[in-house]
Ligand SMILES: NC(=O)c1ccc[n+]([C@@H]2O[C@H](COP(=O)([O-])OP(=O)(O)OC[C@H]3O[C@@H](n4cnc5c(N)ncnc54)[C@H](O)[C@@H]3O)[C@@H](O)[C@H]2O)c1
């Protein structure tokens, strides 16, 4: 198989590339390195095209000759859309249209897509199943849902096949953004006080990147519909204050006071409870192996051992 991975230098995309290489496939990485990092792919001997997904001509030229596209490029900052209302439209919706239309022109029939639990907005049903019909509460979620809708339409029109994954928050090796990252940055600046967005009672599910990648490849191997949609998350969840306690303990800090900003949500569009029903994927034989607590500990250890990753990016906006 010749696989084309957009966002292949990113946190999740680089692990996808690792697995593809391990399985003996030819891989091309396409990335503009806006948030991706050379060090995540430095151990690999694969072609890397350093370009933007919004550059349609370059994208088409680079994609030619591949059999499957793993589309893992995006604006992965779930909060950015509040201040910049174009970013999700451009980096997620239009970028995905670019990918799909290049595939159509080149006759490439298979796409694997990184969607998000944010497409469920603030659901009323937990754990939330794939067939839940949501109202949107964020431009990031709305853009991901629009990507899913386009992928489904291309599958219908052009005889393509797709695997769409709605992720909870991923953690683990090469983690570069999210709540653990933000907490560690804040604690580096002030080890005596930690600001908590919302009331800290938000409950979220987290998935270790190794479990997530295993789930993706398991589904791609076993699910054979034209459009295959899967939740990808953990059976458990954890509230933000408990997560903060673990991070502080792992950092060896003591007497840290919490500055709790209050309110049910961390920011507008943040869902106070994220817990997905993963029965569909588990019925195919996958299940997560790493507990959320262990995954958090691993993530803190990774960022402590890779201080340049921690200093390479700002706290999420
Ligand atoms: N990390 C999570 O917890 C999480 C949760 C839900 C969904 N997702 C989705 O998973 C995918 C991967 O996320 P991630 O966490 O690895 O984020 P990331 O920011 O580490 O990866 C995105 C990659 O895409 C590249 N990129 C961004 N814009 C580009 C452009 N215009 N042209 C070319 N390359 C570009 C970046 O350089 C980076 O390597 C994204 O689609 C994201 O929305 C992630």
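The values are calculated or read from the model by the stated rules, or taken from the named source; none is laboratory data. Computed from a predicted model, the values in this text were never measured in an experiment. Cβ placement follows ideal geometry from the backbone for every residue including glycine, while neighbour counts extend to all protein chains displayed.
Residue pairs whose Cβ atoms lie under 6 Å apart, separated by 6 or more positions or on different chains, with the first residue in region 71-83 and in contact (Cβ under 8 Å) with a residue 60 or more places away in the chain and the second near the ligand (Cβ under 7 Å from one of its atoms) and part of a loop (DSSP other than H, G, I, E, B), are 72/7; 73/7; 73/53.
Take residue 59 and decide whether it is within 14 Å of the ligand (Cβ to nearest atom), crowded, with 16+ Cβ neighbours inside 10 Å and in contact (Cβ under 8 Å) with a residue 12 or more places away in the chain. When the stated conditions are applied, residue 59 passes them.
Residue 93 passes every criterion in (1) part of a helix (DSSP H, G or I); (2) away from the ligand (no atom under 11 Å from the Cβ); (3) over 30 Å from residue 135 (Cβ atoms) apart from (3). The residue list 31, 67 contains one member that is in contact (Cβ under 8 Å) with a residue 24 or more places away in the chain, in contact with a strand residue (DSSP E or B) (Cβ under 8 Å, 6 or more places away or on another chain) and within 12 Å of the ligand (Cβ to nearest atom), which is 31. Filtered by the rule that a residue be touching a residue at least 24 places away in the same chain (Cβ under 8 Å), surrounded by fewer than 23 Cβ atoms within 10 Å (Cβ to Cβ) and over 19 Å from the mean Cα position of the chain (by Cα), region 103-126 gives 104, 105, 106, 108, 109, 110, 123, 126. A Cβ distance below 8 Å, combined with a sequence gap of six or more or placement on separate chains, defines the contacts here; from region 161-176, residues that are over 19 Å from residue 219 (Cα atoms) reach residues that are within 7 Å of the ligand (Cβ to nearest atom) in the pairs 171/178; 174/11; 175/11; 176/10; 176/11; 176/35. Within region 263-313, the set of residues being exposed (fewer than 13 other Cβ atoms within 10 Å of the Cβ), outside any helix (DSSP H, G or I) and free of Cβ contacts under 8 Å to residues at least 60 places away in the same chain comprises 283 only.
Looking at 46, 53 in this structure, which one is more than 9 Å from the ligand (Cβ to nearest atom) and either without any contact (Cβ under 8 Å) to a residue 40 or more places away in the chain or outside any helix (DSSP H, G or I) (or both)? Show your work before the answer.
Working: 53 fails: more than 9 Å from the ligand (Cβ to nearest atom).
Just one listed residue meets the conditions, 46.
In a residue-by-residue description of region 250-258, the property of being outside the structural domain of residue 116 (by TED's automatic domain parsing), part of a strand (DSSP E or B) and closer than 22 Å to residue 273 by Cβ applies to at least one position.
When region 73-99 is filtered for residues that are in contact with a strand residue (DSSP E or B) (Cβ under 9 Å, 6 or more places away or on another chain) and modelled with pLDDT of 95 or more, the ones remaining, listed by number, are 73, 74, 95, 96, 99. Within region 180-198, the presence of at least one residue that is crowded, with 18+ Cβ neighbours inside 10 Å and more than 22 Å from residue 274 (Cβ to Cβ) is confirmed. Of the residues in region 13-25, at least one is near the ligand (Cβ under 8 Å from one of its atoms) and within 23 Å of residue 309 (Cβ to Cβ). Filtering region 65-90 to residues that are part of a helix (DSSP H, G or I) and surrounded by 21 or more Cβ atoms within 10 Å (Cβ to Cβ) leaves 81, 88.
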